[in-house]
Number of protein chains: 2
Amino acid sequence: MGRPPAKSPAAKPVPRLDRGVLPTLLGYALRRAQSAVFADFSATFSAAGEALTPGEFGLLVLVGRNAGLSQTALARALGIDRSTLVPILDRLQARGLLVRRRSPSDGRMHALALTSSGGEALARFTGLVKTHERRIGSRLSAAETRTLIGLLEKVRLGARSL
Amino acid sequence: MGRPPAKSPAAKPVPRLDRGVLPTLLGYALRRAQSAVFADFSATFSAAGEALTPGEFGLLVLVGRNAGLSQTALARALGIDRSTLVPILDRLQARGLLVRRRSPSDGRMHALALTSSGGEALARFTGLVKTHERRIGSRLSAAETRTLIGLLEKVRLGARSL
DNA sequence: CGGCGATTGTTTGGGCATCAAACAAATTCT
DNA sequence: AGAATTTGTTTGATGCCCAAACAATCGCCG
(Lines give C-alpha, C1' and ligand atoms only; values in the text may rest on other atoms or scores of the structure.)
Protein backbone atom coordinates (compact mmCIF):
# COMPACT_ATOMS: atom_id res chain seq x y z
CA MET A 1 0.00 0.00 0.00
CA GLY A 2 2.97 2.23 0.43
CA ARG A 3 3.39 2.75 -3.32
CA PRO A 4 2.26 1.02 -6.50
CA PRO A 5 4.35 -2.19 -6.37
CA ALA A 6 6.93 -1.44 -9.03
CA LYS A 7 5.06 0.27 -11.77
CA SER A 8 6.08 3.82 -12.58
CA PRO A 9 9.85 4.08 -12.12
CA ALA A 10 9.79 7.22 -10.02
CA ALA A 11 6.22 8.42 -9.75
CA LYS A 12 6.75 10.18 -6.45
CA PRO A 13 10.25 10.10 -5.05
CA VAL A 14 9.02 10.56 -1.45
CA PRO A 15 12.52 11.50 -0.32
CA ARG A 16 12.14 10.09 3.17
CA LEU A 17 13.39 13.19 4.83
CA ASP A 18 16.07 13.41 7.47
CA ARG A 19 14.78 14.23 10.92
CA GLY A 20 18.17 14.88 12.46
CA VAL A 21 18.17 14.85 16.25
CA LEU A 22 14.41 14.85 16.52
CA PRO A 23 13.96 11.09 16.91
CA THR A 24 16.17 11.12 19.99
CA LEU A 25 14.14 13.82 21.71
CA LEU A 26 11.61 12.90 24.33
CA GLY A 27 9.67 16.08 23.73
CA TYR A 28 9.37 15.27 20.07
CA ALA A 29 8.08 11.76 20.70
CA LEU A 30 5.63 13.17 23.19
CA ARG A 31 4.33 15.77 20.81
CA ARG A 32 3.83 13.31 18.00
CA ALA A 33 2.10 10.79 20.21
CA GLN A 34 -0.12 13.47 21.65
CA SER A 35 -1.09 14.65 18.20
CA ALA A 36 -2.00 11.14 17.02
CA VAL A 37 -3.94 10.46 20.20
CA PHE A 38 -5.88 13.67 19.83
CA ALA A 39 -6.78 12.75 16.26
CA ASP A 40 -7.90 9.31 17.39
CA PHE A 41 -10.01 10.84 20.14
CA SER A 42 -11.75 13.14 17.67
CA ALA A 43 -12.26 10.36 15.17
CA THR A 44 -13.73 8.05 17.80
CA PHE A 45 -16.27 10.64 18.85
CA SER A 46 -17.23 11.87 15.43
CA ALA A 47 -17.64 8.27 14.26
CA ALA A 48 -20.22 7.91 17.03
CA GLY A 49 -21.95 11.13 16.02
CA GLU A 50 -20.69 12.95 19.09
CA ALA A 51 -18.39 15.92 19.37
CA LEU A 52 -16.05 16.50 22.27
CA THR A 53 -12.43 17.37 22.91
CA PRO A 54 -10.22 15.64 25.47
CA GLY A 55 -10.20 18.86 27.45
CA GLU A 56 -13.97 19.03 27.56
CA PHE A 57 -14.15 15.43 28.67
CA GLY A 58 -11.74 16.11 31.52
CA LEU A 59 -13.75 19.14 32.50
CA LEU A 60 -17.01 17.21 32.59
CA VAL A 61 -15.50 14.46 34.71
CA LEU A 62 -14.17 17.02 37.16
CA VAL A 63 -17.49 18.84 37.43
CA GLY A 64 -19.41 15.60 37.70
CA ARG A 65 -17.26 14.34 40.53
CA ASN A 66 -16.89 17.55 42.50
CA ALA A 67 -20.25 19.06 43.22
CA GLY A 68 -20.46 22.83 43.39
CA LEU A 69 -16.96 23.44 42.09
CA SER A 70 -16.12 27.07 41.42
CA GLN A 71 -14.79 28.26 38.09
CA THR A 72 -11.53 29.40 39.61
CA ALA A 73 -10.97 26.02 41.25
CA LEU A 74 -11.81 24.28 38.01
CA ALA A 75 -9.47 26.49 36.00
CA ARG A 76 -6.71 25.70 38.46
CA ALA A 77 -7.35 21.97 38.18
CA LEU A 78 -7.23 22.26 34.41
CA GLY A 79 -4.13 24.41 34.48
CA ILE A 80 -5.68 27.22 32.46
CA ASP A 81 -6.56 30.83 33.16
CA ARG A 82 -9.99 31.59 34.58
CA SER A 83 -10.73 33.83 31.62
CA THR A 84 -9.97 30.98 29.23
CA LEU A 85 -12.53 28.84 30.97
CA VAL A 86 -15.42 31.24 30.38
CA PRO A 87 -16.14 30.57 26.70
CA ILE A 88 -15.62 26.84 27.25
CA LEU A 89 -18.27 26.77 29.96
CA ASP A 90 -20.51 28.96 27.80
CA ARG A 91 -20.42 26.36 25.07
CA LEU A 92 -20.96 23.40 27.38
CA GLN A 93 -23.81 25.24 29.06
CA ALA A 94 -25.34 26.10 25.70
CA ARG A 95 -25.26 22.38 24.93
CA GLY A 96 -27.20 21.79 28.11
CA LEU A 97 -24.52 19.66 29.72
CA LEU A 98 -23.89 21.80 32.78
CA VAL A 99 -25.17 24.81 34.65
CA ARG A 100 -23.72 27.70 36.61
CA ARG A 101 -25.69 28.19 39.80
CA ARG A 102 -25.02 31.06 42.14
CA SER A 103 -23.47 29.77 45.31
CA PRO A 104 -25.75 30.40 48.32
CA SER A 105 -22.80 30.84 50.66
CA ASP A 106 -20.73 33.11 48.43
CA GLY A 107 -22.41 35.40 45.95
CA ARG A 108 -19.28 35.74 43.87
CA MET A 109 -18.85 32.09 43.07
CA HIS A 110 -20.64 29.94 40.60
CA ALA A 111 -21.38 26.43 41.77
CA LEU A 112 -20.89 24.28 38.71
CA ALA A 113 -22.93 21.14 38.21
CA LEU A 114 -23.83 18.70 35.47
CA THR A 115 -27.43 18.69 34.32
CA SER A 116 -29.17 15.34 34.28
CA SER A 117 -28.74 15.27 30.54
CA GLY A 118 -25.09 16.17 31.11
CA GLY A 119 -24.73 13.20 33.41
CA GLU A 120 -26.18 10.89 30.80
CA ALA A 121 -23.95 12.37 28.13
CA LEU A 122 -20.91 11.90 30.34
CA ALA A 123 -21.73 8.22 30.77
CA ARG A 124 -21.95 7.89 27.00
CA PHE A 125 -18.72 9.84 26.54
CA THR A 126 -16.94 7.67 29.06
CA GLY A 127 -17.82 4.62 27.00
CA LEU A 128 -16.35 6.22 23.91
CA VAL A 129 -13.22 7.21 25.79
CA LYS A 130 -12.75 3.60 26.84
CA THR A 131 -12.98 2.53 23.21
CA HIS A 132 -10.48 5.21 22.31
CA GLU A 133 -8.14 4.16 25.12
CA ARG A 134 -8.32 0.56 23.97
CA ARG A 135 -7.22 1.61 20.50
CA ILE A 136 -4.32 3.85 21.46
CA GLY A 137 -3.14 1.19 23.89
CA SER A 138 -3.66 -1.65 21.43
CA ARG A 139 0.05 -2.17 20.84
CA LEU A 140 0.86 -2.13 24.54
CA SER A 141 0.42 -4.80 27.18
CA ALA A 142 -1.44 -3.84 30.33
CA ALA A 143 1.89 -3.70 32.14
CA GLU A 144 3.39 -1.48 29.48
CA THR A 145 0.46 0.89 29.72
CA ARG A 146 0.92 1.20 33.46
CA THR A 147 4.65 1.72 32.97
CA LEU A 148 3.98 4.37 30.38
CA ILE A 149 1.59 6.27 32.59
CA GLY A 150 4.11 6.14 35.41
CA LEU A 151 6.92 7.40 33.21
CA LEU A 152 4.77 10.22 31.88
CA GLU A 153 4.04 11.23 35.43
CA LYS A 154 7.76 11.36 36.18
CA VAL A 155 8.29 13.52 33.13
CA ARG A 156 5.54 15.86 34.21
CA LEU A 157 7.08 16.24 37.66
CA GLY A 158 10.57 16.70 36.27
CA ALA A 159 9.40 19.41 33.91
CA ARG A 160 7.95 21.55 36.63
CA SER A 161 9.29 24.96 35.93
CA LEU A 162 6.10 26.77 36.78
CA MET B 1 4.95 32.64 49.88
CA GLY B 2 3.08 29.41 49.25
CA ARG B 3 1.04 29.88 52.41
CA PRO B 4 1.71 31.06 55.94
CA PRO B 5 3.49 27.99 57.41
CA ALA B 6 0.90 26.68 59.83
CA LYS B 7 -0.93 29.70 61.00
CA SER B 8 -4.63 29.86 60.25
CA PRO B 9 -6.14 26.39 60.76
CA ALA B 10 -8.14 26.27 57.56
CA ALA B 11 -7.25 29.35 55.59
CA LYS B 12 -7.83 27.71 52.22
CA PRO B 13 -9.33 24.23 52.31
CA VAL B 14 -7.84 23.27 48.90
CA PRO B 15 -10.37 20.43 48.56
CA ARG B 16 -8.08 18.06 46.69
CA LEU B 17 -10.60 17.38 44.04
CA ASP B 18 -11.65 14.01 42.77
CA ARG B 19 -10.36 13.21 39.29
CA GLY B 20 -12.49 10.13 38.78
CA VAL B 21 -11.31 7.90 35.96
CA LEU B 22 -8.87 10.45 34.60
CA PRO B 23 -5.76 9.12 36.38
CA THR B 24 -6.24 5.74 34.73
CA LEU B 25 -6.37 7.19 31.24
CA LEU B 26 -3.32 7.13 29.03
CA GLY B 27 -4.57 10.08 27.02
CA TYR B 28 -4.93 12.14 30.15
CA ALA B 29 -1.40 11.36 31.35
CA LEU B 30 -0.11 12.20 27.92
CA ARG B 31 -1.90 15.50 27.77
CA ARG B 32 -0.68 16.58 31.18
CA ALA B 33 2.91 15.57 30.47
CA GLN B 34 2.79 17.32 27.13
CA SER B 35 1.51 20.49 28.74
CA ALA B 36 4.24 20.51 31.40
CA VAL B 37 6.92 19.77 28.83
CA PHE B 38 5.71 22.60 26.63
CA ALA B 39 5.84 24.98 29.58
CA ASP B 40 9.36 23.83 30.40
CA PHE B 41 10.42 24.32 26.79
CA SER B 42 9.09 27.87 26.77
CA ALA B 43 10.66 28.65 30.12
CA THR B 44 14.04 27.29 29.04
CA PHE B 45 14.09 29.47 25.97
CA SER B 46 12.76 32.64 27.51
CA ALA B 47 15.24 32.26 30.38
CA ALA B 48 17.96 32.35 27.72
CA GLY B 49 16.43 35.39 26.08
CA GLU B 50 15.27 33.38 23.08
CA ALA B 51 11.78 32.68 21.84
CA LEU B 52 10.79 29.51 20.04
CA THR B 53 8.10 26.87 20.15
CA PRO B 54 8.73 23.13 19.92
CA GLY B 55 7.02 23.17 16.55
CA GLU B 56 9.28 25.87 15.22
CA PHE B 57 12.33 24.00 16.43
CA GLY B 58 11.21 20.86 14.63
CA LEU B 59 10.58 22.86 11.50
CA LEU B 60 14.04 24.43 11.57
CA VAL B 61 15.72 21.06 12.06
CA LEU B 62 13.79 19.63 9.12
CA VAL B 63 14.64 22.53 6.84
CA GLY B 64 18.26 22.53 7.95
CA ARG B 65 18.67 18.86 7.23
CA ASN B 66 16.74 18.66 3.99
CA ALA B 67 17.99 21.20 1.54
CA GLY B 68 15.47 22.66 -0.88
CA LEU B 69 12.45 21.14 0.81
CA SER B 70 9.11 22.30 -0.57
CA GLN B 71 6.38 23.75 1.65
CA THR B 72 4.00 20.95 0.83
CA ALA B 73 6.58 18.32 1.75
CA LEU B 74 7.35 20.16 4.94
CA ALA B 75 3.68 20.51 5.86
CA ARG B 76 3.27 16.78 5.33
CA ALA B 77 6.25 16.01 7.53
CA LEU B 78 4.82 18.23 10.22
CA GLY B 79 1.36 16.79 9.85
CA ILE B 80 -0.29 20.15 9.22
CA ASP B 81 -2.11 21.73 6.32
CA ARG B 82 -0.08 23.64 3.75
CA SER B 83 -2.12 26.76 4.45
CA THR B 84 -1.28 26.51 8.14
CA LEU B 85 2.39 26.53 7.32
CA VAL B 86 2.31 29.85 5.47
CA PRO B 87 2.10 32.26 8.42
CA ILE B 88 4.62 30.16 10.34
CA LEU B 89 7.16 30.45 7.55
CA ASP B 90 6.32 34.14 7.18
CA ARG B 91 7.29 34.70 10.79
CA LEU B 92 10.47 32.63 10.64
CA GLN B 93 11.45 34.36 7.43
CA ALA B 94 10.75 37.76 8.98
CA ARG B 95 13.14 36.78 11.76
CA GLY B 96 15.74 36.07 9.11
CA LEU B 97 16.08 32.41 9.99
CA LEU B 98 15.10 30.96 6.63
CA VAL B 99 14.32 31.91 3.06
CA ARG B 100 11.94 30.79 0.33
CA ARG B 101 13.79 30.50 -2.94
CA ARG B 102 12.01 29.71 -6.18
CA SER B 103 12.94 26.24 -7.32
CA PRO B 104 14.84 26.33 -10.65
CA SER B 105 13.41 22.99 -11.74
CA ASP B 106 9.78 23.68 -10.82
CA GLY B 107 8.47 27.23 -10.81
CA ARG B 108 5.62 26.39 -8.48
CA MET B 109 7.71 25.18 -5.60
CA HIS B 110 9.63 27.10 -3.02
CA ALA B 111 12.97 25.61 -2.07
CA LEU B 112 13.26 26.26 1.64
CA ALA B 113 16.64 26.81 3.23
CA LEU B 114 18.11 28.17 6.44
CA THR B 115 20.01 31.42 6.21
CA SER B 116 23.49 31.43 7.69
CA SER B 117 22.12 33.29 10.67
CA GLY B 118 19.36 30.69 10.83
CA GLY B 119 21.97 27.95 10.95
CA GLU B 120 23.75 29.67 13.81
CA ALA B 121 20.48 30.20 15.65
CA LEU B 122 19.59 26.54 15.18
CA ALA B 123 22.88 25.51 16.77
CA ARG B 124 22.10 27.74 19.72
CA PHE B 125 18.55 26.43 19.92
CA THR B 126 19.76 22.86 19.84
CA GLY B 127 21.87 23.54 22.89
CA LEU B 128 18.85 24.91 24.72
CA VAL B 129 16.78 21.93 23.70
CA LYS B 130 19.37 19.62 25.17
CA THR B 131 19.20 21.51 28.45
CA HIS B 132 15.43 21.25 28.32
CA GLU B 133 15.56 17.54 27.55
CA ARG B 134 17.90 16.98 30.46
CA ARG B 135 15.41 18.62 32.79
CA ILE B 136 12.29 16.81 31.64
CA GLY B 137 14.18 13.55 31.74
CA SER B 138 15.78 14.30 35.08
CA ARG B 139 13.66 11.79 36.96
CA LEU B 140 14.27 9.04 34.43
CA SER B 141 17.26 6.81 33.87
CA ALA B 142 18.70 6.67 30.37
CA ALA B 143 17.07 3.28 29.94
CA GLU B 144 13.72 4.59 31.10
CA THR B 145 13.93 7.45 28.64
CA ARG B 146 14.55 5.05 25.79
CA THR B 147 11.71 2.84 26.98
CA LEU B 148 9.42 5.83 27.17
CA ILE B 149 10.23 6.99 23.66
CA GLY B 150 9.62 3.47 22.39
CA LEU B 151 6.27 3.21 24.16
CA LEU B 152 5.20 6.60 22.86
CA GLU B 153 6.01 5.42 19.37
CA LYS B 154 3.81 2.37 19.88
CA VAL B 155 1.00 4.59 21.06
CA ARG B 156 1.37 6.80 18.03
CA LEU B 157 1.19 3.82 15.70
CA GLY B 158 -1.76 2.30 17.52
CA ALA B 159 -3.68 5.54 17.34
CA ARG B 160 -3.49 5.75 13.63
CA SER B 161 -6.99 6.57 12.57
CA LEU B 162 -6.00 9.05 9.92
C1' DC C 1 -20.19 49.45 61.06
C1' DG C 2 -17.98 51.21 57.34
C1' DG C 3 -14.46 51.26 54.19
C1' DC C 4 -10.51 48.79 51.98
C1' DG C 5 -8.41 44.96 50.01
C1' DA C 6 -9.01 40.45 48.03
C1' DT C 7 -11.66 37.24 45.27
C1' DT C 8 -14.74 35.82 41.42
C1' DG C 9 -16.49 35.81 36.97
C1' DT C 10 -16.44 38.42 32.85
C1' DT C 11 -15.04 41.33 28.96
C1' DT C 12 -11.76 42.97 25.84
C1' DG C 13 -7.70 42.72 23.15
C1' DG C 14 -3.87 40.31 21.13
C1' DG C 15 -1.44 36.18 19.55
C1' DC C 16 -1.23 31.80 17.47
C1' DA C 17 -2.77 27.07 15.50
C1' DT C 18 -5.83 24.69 12.58
C1' DC C 19 -8.69 23.57 8.80
C1' DA C 20 -11.57 24.26 4.44
C1' DA C 21 -12.45 26.51 0.22
C1' DA C 22 -11.21 29.20 -3.56
C1' DC C 23 -7.49 31.05 -6.72
C1' DA C 24 -3.54 32.27 -9.77
C1' DA C 25 0.61 30.53 -11.57
C1' DA C 26 3.15 26.76 -13.20
C1' DT C 27 3.67 22.03 -14.64
C1' DT C 28 2.21 17.74 -16.48
C1' DC C 29 -0.75 14.74 -18.89
C1' DT C 30 -3.52 13.68 -22.95
C1' DA D 1 -3.01 23.00 -27.43
C1' DG D 2 -6.17 22.09 -23.83
C1' DA D 3 -7.33 19.83 -19.56
C1' DA D 4 -6.09 18.24 -15.10
C1' DT D 5 -3.01 18.57 -11.27
C1' DT D 6 0.18 20.67 -8.10
C1' DT D 7 1.92 24.56 -5.28
C1' DG D 8 1.69 28.43 -2.51
C1' DT D 9 -1.44 31.81 -0.91
C1' DT D 10 -5.55 34.28 0.79
C1' DT D 11 -9.68 34.42 3.21
C1' DG D 12 -12.87 33.00 6.68
C1' DA D 13 -14.17 30.55 10.62
C1' DT D 14 -13.03 28.10 15.17
C1' DG D 15 -10.76 27.54 19.14
C1' DC D 16 -7.19 27.92 22.83
C1' DC D 17 -4.29 30.86 25.53
C1' DC D 18 -2.97 34.77 28.29
C1' DA D 19 -2.95 39.56 30.39
C1' DA D 20 -5.31 43.54 31.92
C1' DA D 21 -9.19 45.89 33.48
C1' DC D 22 -13.85 45.91 35.75
C1' DA D 23 -18.16 45.28 38.51
C1' DA D 24 -20.06 42.67 42.12
C1' DT D 25 -19.29 40.53 46.35
C1' DC D 26 -17.05 39.07 50.51
C1' DG D 27 -14.18 39.48 54.56
C1' DC D 28 -11.27 41.75 57.61
C1' DC D 29 -10.02 45.41 60.67
C1' DG D 30 -10.07 49.50 62.66
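The values are calculated or read from the model by the stated rules, or taken from the named source; none is laboratory data. Bear in mind the structure is a predicted one, so any value in this text is a computation, not a measurement. Quick reminder, even Gly has a Cβ in these numbers, built from the backbone with ideal geometry, and neighbours come from all protein chains shown. All accessible areas refer to the heavy atoms of the entire protein, side chains included, with ligands and DNA or RNA removed. Shrake-Rupley method; radii C 1.70, N 1.55, O 1.52, S 1.80 Å.
Observations
- Cα gyration tensor shape for the range A:110-162, rounded if a/c is under 1.5, else prolate or oblate: oblate
- Mean accessible surface per residue for the range B:50-133, computed with a 1.4 Å probe while every protein chain stays in place, in Å²: 50 Å²
- Secondary-structure-derived ellipticity at 222 nm for chain B, considering helices only, amounts to -19000 deg cm²/dmol, per-run term -39500 (n - 2.57) for DSSP H runs with n ≥ 4.
- Shielding by partners - mean other protein chain Cβ count within 10 Å, residues of B:142-154: 6
- Within the same chain, aspartates and glutamates fewer than 8 places from B:K130 are excluded, and of the rest, those with a Cα less than 15 Å from its Cα are B:D40, B:E50.
- Within the accessible area of the range B:50-133 (1.4 Å probe), percent carbon and sulfur: 53 percent
- Working from Cα pairs under 8 Å separated by at least six residues, relative contact order for the range B:78-150 is 18 percent.
- Here the Kirkwood formula, the inverse mean of 1/r across different C-alpha pairs, assigns the protein assembly as shown a hydrodynamic radius of 22.4 Å.
- Take every Cα pair under 8 Å whose residues are at least 6 apart in sequence, average their separation, divide by the length of chain B, and the relative contact order is 18 percent.
- On association of chains A and B, roughly 5400 Å² of accessible area becomes buried (total for both chains; probe 1.4 Å).
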